[in-house]
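> Supplied in structure tokens, the structure appears directly below.
The values are calculated or read from the model by the stated rules, or taken from the named source; none is laboratory data. Predicted model only: the values in this text are computed from it and were never measured. Here the Cβ is made from the backbone with ideal geometry for all residues, glycine too, and neighbour counts use every protein chain on show. Each accessible area value is taken on the protein alone, full model and side chains, heavy atoms only, with ligands, DNA and RNA left out. Shrake-Rupley method; radii C 1.70, N 1.55, O 1.52, S 1.80 Å.
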Amino acid sequence: MNRSVSVVLAGGGTAGHVEPAMAVADALRAIDPDVRITALGTERGLETRLVPQRGYDLALITPVPLPRKPSADLARLPMRIRRAVRQTRAVLVDVDADVVIGFGGYVALPAYLAARGGLGKRRRVPVVIHEANASAGWANRIGARTARRVLSAVPNPGLRDVEVVGVPVRAAITSLDRMALRAEARAHFGFDDDAKVLLVFGGSQGAQSLNRAVSAAAKDLAACGISVLHAYGPKNTLELRESADGDPPYVAVPYLDRMDLAYAAADLAICRSGAMTVAELTAIGLPAVYVPLPIGNGEQRLNALPVVNAGGGVLVDDADLSPQFVADTVTALLTETGRLQAMTVAAALTGHRDAAQKVAEVALDIARESRKGLR
């Protein structure tokens with residue numbers, strides 16, 4: 001009973017699941033340097049790269065995606081779940097898990113079922129769930145039925161008895177002082193100290209509709225004295241009707257490896273509204289024009305609504321994001337100083353900089369309570 005606490009993180013698959021898990025892992029280690037952390041993942045998930053980079057152990061299991069249509073994959077689902085649960089239970093036994101923190105995704109359901117089933121003669125492993133999206137996924141809906149605590153980004157994600165803590169975001173972002181870093185950030189990208197800067201990004205792969213609309217409005221943005229920092233995606237190309245070497249500059253890059261500097265340089269962003277994007281922007285107080293992904297179950301729109309309703313952003317449908325919208329609405333937002341300042345304050349007020357720490361504290365408390373029950 002004198003061993004260190006063992007925590008298993010179940011959040012593999014996409015960056016929207018892995019990044020919050022890693023933010024919580026960092027917070028756990030900051031609170032208790034002796035904590036043992038194991039992340040669950042699959043061979044095809046981003047976690048195979050991100051988890052080792054962050055210095056944490058990774059255990060691979062069979063992924064359990066839910067087929068959306070009747071297919072052979074749906075027929076094989078029960079067998080795949082059983083296999084993944086057996087693999088996960090073996091991991092929980094091997095690391096002598098005290099608590100499982102689930103974030104949804106392909107590895108979460110096996111983790112919830114394995115923890116519920118117990119570990120041999122041991123008691124069941126308690127589960128803490130975090131739901132980042134405004135509409136909970138099926139894995140978290142199932143896991144929440146028996147979870148010890150359910151934490152979420154918003155008040156009503158479709159789960160019962162949730163505690164709102166926000167979305168865990170890495171410390172490099174939550175500790176960012178945009179004003180203190182602004183001069184360095186603008187010099188890094190070649191902008192003037194007093195420039196009005198628009199940041200455009202569509203996630204790690206970019207977004208074609210954002211690329212087309214903003215690049216086609218380059219002349220109008222320049223005419224209003226607006227500089228642009230545009231990450232268009234490593235697999236995309238960007239055609240500018242005007243030279244990118246003009247004044248003010250239009251800086252177009254495939255990928256931004258220093259998002260902290262990009263955030264610090266910007267006055268306003270145009271972006272998608274995935275849970276992590278919304279969480280990061282509100283954590284640092286950067287207002288945005290949110291353009292929800294036009295496919296899926298509409299969760300991106302729901303993610304942005306609390307910020308928009310609070311005055312920290314603007315929501316526009318993907319089909320309505322046109323060069324004219326950028327030329328009219330976006331330039332107005334950037335040039336109306338009073339409104340931009342109000343949006344900045346509102347965005348910051350909706351953010352949760354301490355979400356990762358709150359999730360970590362809840363998990364450690366539950367783990368320690370569980371261990372007391374074994375004595």
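> In whole Å, what are the Cα extents of segment 257-324 along the three principal axes, biggest one first?
Computed over segment 257-324, the largest-to-smallest principal extents equal 31, 26, 25 Å.
> Would you pull out the residues with amide H under 5 Å of Ala266's amide H, same chain only if 5 or more places away, H placed 1.01 Å from N?
Here the answer is none, since no amide H 5 or more places off falls under 5 Å of that of Ala266.
> Continuing with the same structure: Per residue of segment 186-193, what does 6.51 cos²θ - 1.76 cosθ + 1.60 with θ = phi - 60° give for ³J(HN,Hα)? Whole Hz please, x for Gly and Pro, Karplus curve as stated.
5, 5, 4, 9, x, 9, 5, 4
> On average, how much accessible surface per residue is there in segment 148-225, in Å², for a 1.4 Å probe, leaving out ligands, DNA and RNA?
47
> Provide Rg and Dmax in Å for segment 285-350, with only Cα atoms included in the calculation.
12.1, 36
> Starting from the Cα of Ile295, move 7 Å in the Cα-to-Cβ direction to define the label point; list residues of segment 188-224 whose amide nitrogen is under 16 Å from there.
203-210
> Net charge within 13 Å of Asp177 by Cβ-Cβ distance, Lys/Arg positive one each and Asp/Glu negative one each, not counting Asp177 itself?
+1
> To test your reading of the geometry: what angle, between 0 and 90 degrees and rounded to tens, separates the Cα axis of helix 72-95 from the longest principal axis of the chain?
Here the helix axis deviates by roughly 70 degrees.
> If you plug each phi of segment 220-226 into the Karplus form 6.51 cos²θ - 1.76 cosθ + 1.60 with θ = phi - 60°, what whole-Hz ³J(HN,Hα) values come out, in order, with x for Gly and Pro?
Rounded to whole hertz, the list is 5, 5, 4, 5, 8, x, 9.
> Multiply the residue gap between Ser209 and Asn309 by 0.36 nm, knock off their C-alpha separation, and tell me the result in nm, one decimal place.
Length difference between fully extended and current span is 33.6 nm.
> Hey, if we sort Lys219, Lys358, Lys235 by accessible area with the 1.4 Å probe, largest down, what's the order?
The most accessible residue leads, giving Lys235, Lys219, Lys358.
> So, with +1 on the Cβ of K and R and -1 on the Cβ of D and E, and no other charges, what is the size of the charge dipole of the chain about its Cα centre, to the nearest 20 debye?
2560
> Would you pull out the residues with amide H under 5 Å of Leu151's amide H, same chain only if 5 or more places away, H placed 1.01 Å from N?
Close amide H contacts, sequence-distant or interchain: Ile129, His130, Glu131, Glu163.
> Between Glu163 and Thr146, what is 0.36 nm times their sequence separation minus the Cα-Cα distance? Round to one decimal in nm. Let's see the in-between values first.
Values: separation 17, 0.36 × 17 = 6.12 nm, distance 1.53 nm.
So the chain would gain 4.6 nm between Glu163 and Thr146.
> Considering the options Ser227, Pro248, Gly13, tell which one lies farthest towards the positive end of the dipole of the chain, charges being +1 on Lys and Arg and -1 on Asp and Glu at the Cβ, about the Cα centre.
Ranked along the dipole, the leading option is Gly13.
> Give the residue from Gln87, Ala39, Gly203 lying farthest towards the positive end of the charge dipole for the chain; charges sit on Cβ (+1 for Lys and Arg, -1 for Asp and Glu) and the dipole is referred to the Cα centre.
Value computed over the given set: Gln87.
> In the chain, what percent of the accessible surface is made up of carbon and sulfur (1.4 Å probe, ligands and nucleic acids excluded)?
50
> Follow-up question, since we're still on this one. Using Cα atoms only, what is the angle between the long axis of helix 337-349 and the major principal axis of the chain, expressed in degrees (0 to 90) to the nearest 10?
Long axis of 337-349 versus the principal axis of the chain: about 0 degrees.
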